[in-house]
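The values are calculated or read from the model by the stated rules, or taken from the named source; none is laboratory data. Just so you know, these numbers come straight off a predicted model, no measurement behind them. Here the Cβ positions follow ideal geometry from the backbone for every residue, glycine too, while neighbour counts run over all protein chains shown. Each accessible area value is taken on the protein alone, full model and side chains, heavy atoms only, with ligands, DNA and RNA left out. Shrake-Rupley method; radii C 1.70, N 1.55, O 1.52, S 1.80 Å.
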Amino acid sequence: MKRDPVAFLKEDMIELRKNNLEWIIRYLEDGSKPHSTVDGKDVLMLNTNNYLGLATHPKIIQAAIDATKKYGAGAGAVPVIAGSFDLTREFQEKFAKFKEVEASLLCQTGFAVNSGLIPMLVGKPDIVVSDELNHGSIIDGVRLSGAKRIIYKHNDVDDLEKQLKEAEKEGARRICIITDGVFSMDGDMAPLPGIAKVAEDFGAMIFVDDCHGEGVLGEGRGIVAHFNLQGKVHVEGGSMSKGFGVFGGTVAGSKDLIEFCANKSRTYLLSTAHPPGVVAANIASIEVVESEPQHVQRVWDNTNYFKKEVQSMGYNTGNSETPIIPLIIGDPGKAQELARVLFEEENIYGTPIVFPMVARELSRIRVQMNALLTKEDLDMALSAIEKVGKKLKII
Ligand SMILES: *Cc1c(COP(=O)(O)O)cnc(C)c1O
């Protein structure tokens, strides 16, 4: 019998469905904002990274329109060939100033920063000391680098120090500590002051991926500013696609770092630059965060209120310290059932997060706060989450 070379496609999906691990993709018919239309239903969205609500901010939309009219729809080339605009330079200068660093680079995505830059910062003769819960794009970047990877226990500075001693014994050329700033599934923060201290003792480079901290912590400047550690963190990777509400990856740090990245990162060198409208919207987004501090204030007010209420209902929110508030359920089937009932019966869109995003037994709904949610929205969501949680015997 001739074998079917693609039979595994269907077989793998059957296996995923059997284990309640299939991703159901829903389609938005309106903007990414708390009141949106999804698969034909008017719902309250509690699951976007658009923390400040800037994806639909009028000034940012207008900036995208104006730049698109002037410069056109696409960039036409990778950044180093002909894809960089005066807008790109303006963005990079403004962003560096905002982050209080010497220079910055607008890259394709946060994922591309990790997969393109990490393999240039470290290689075979080097050791990466990595938090056990780091984002998948960091893990891929480290794999591509060929560097030896040593894992330290999540957010545990004592264990980090122990692993750094191990790394030192091995006589690596370079040691690089890599951590998420804010952990995307749990909403807890890296203990950056402790990390900076041990890094200094061991002469290790620090790479912080602050995709979920930017826009939210340190008045929008991110976790490094939150802890007043400017100058102590060698590489800050980030994203314009989350708190800033637009699109793109960023690298922030010294002039040396930015020149190195622009000349070496393979994703930067080999992938097309952003459309000019995106670059202009990114500029406008930083201007809005600087001139309208109410958005950051509101997302924190909403976070504090919502978290207190779900905790008092008996939900396990883990170690959340930010607008990422997981409702940890455990069983993946139950997490998916909670999300399904909330969507179908209560018009609340919260996404179940299951393996491989989190360990199987830590399946959850990850709720994310948004500056545009009103008190009425939050109370509506809370009463539905309480009702359905009781019905499904989760709380
Ligand atoms: C979202 C995320 C990324 C990817 O960023 P994109 O700009 O969406 O590609 C990388 N790292 C972390 C920690 C993230 O949360």
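Sort out which residues of segment 164-191 are more than 14 Å from the ligand (Cβ to nearest atom), closer than 26 Å to N228 by Cβ and crowded, with 20+ Cβ neighbours inside 10 Å, and write them in order of number. Result: L164, I175, C176, I177. Among the residues of segment 279-302, those identified as under 10 Å from A371 (Cβ atoms) and of a type in the set (V, I, T) are V296, V299. Do the conditions hold for H154, that is, is it within 16 Å of the ligand (Cβ to nearest atom) and surrounded by fewer than 21 Cβ atoms within 10 Å (Cβ to Cβ)? Judged against the criteria, H154 is a match.
A count restricted to segment 334-355 and to residues that are open to solvent by 20 Å² or more (accessible area, probe 1.4 Å) and either in a helix (DSSP H, G or I) or in contact (Cβ under 8 Å) with a residue 40 or more places away in the chain (or both) stands at 11.
Of all the numbered requirements in (1) open to solvent by 50 Å² or more (accessible area, probe 1.4 Å); (2) outside any loop (DSSP other than H, G, I, E, B), I395 misses one, and that requirement is (2). Looking across segment 245-256 at every residue that is open to solvent by less than 20 Å² (accessible area, probe 1.4 Å) and more than 12 Å from K99 (Cβ to Cβ), the one that is farthest from the ligand (Cβ to nearest atom) is identified as G245. Filter segment 257-269 down to the residues that are within 16 Å of the ligand (Cβ to nearest atom) and either surrounded by 15 or more Cβ atoms within 10 Å (Cβ to Cβ) or of a type in the set (A, V, I, L, M, F, W, C) (or both) and list them by number. Correct list: C261, S265, T267, Y268. Taking the listed residues L160, L192, the one that is in the same structural domain as K232 (by TED's automatic domain parsing), touching a residue at least 40 places away in the same chain (Cβ under 8 Å) and more than 15 Å from the chain's Cα centre (by Cα) is L192, with no other qualifying. I'd like the full set of residues that are out of contact with any helix residue (DSSP H, G or I) (no Cβ under 6 Å at 6 or more places or on another chain), without any contact (Cβ under 8 Å) to a residue 60 or more places away in the chain and under 18 Å from M357 (Cβ atoms), limited to segment 1-23. Within segment 1-23, D12, M13, E15, L16, R17, W23 qualify.
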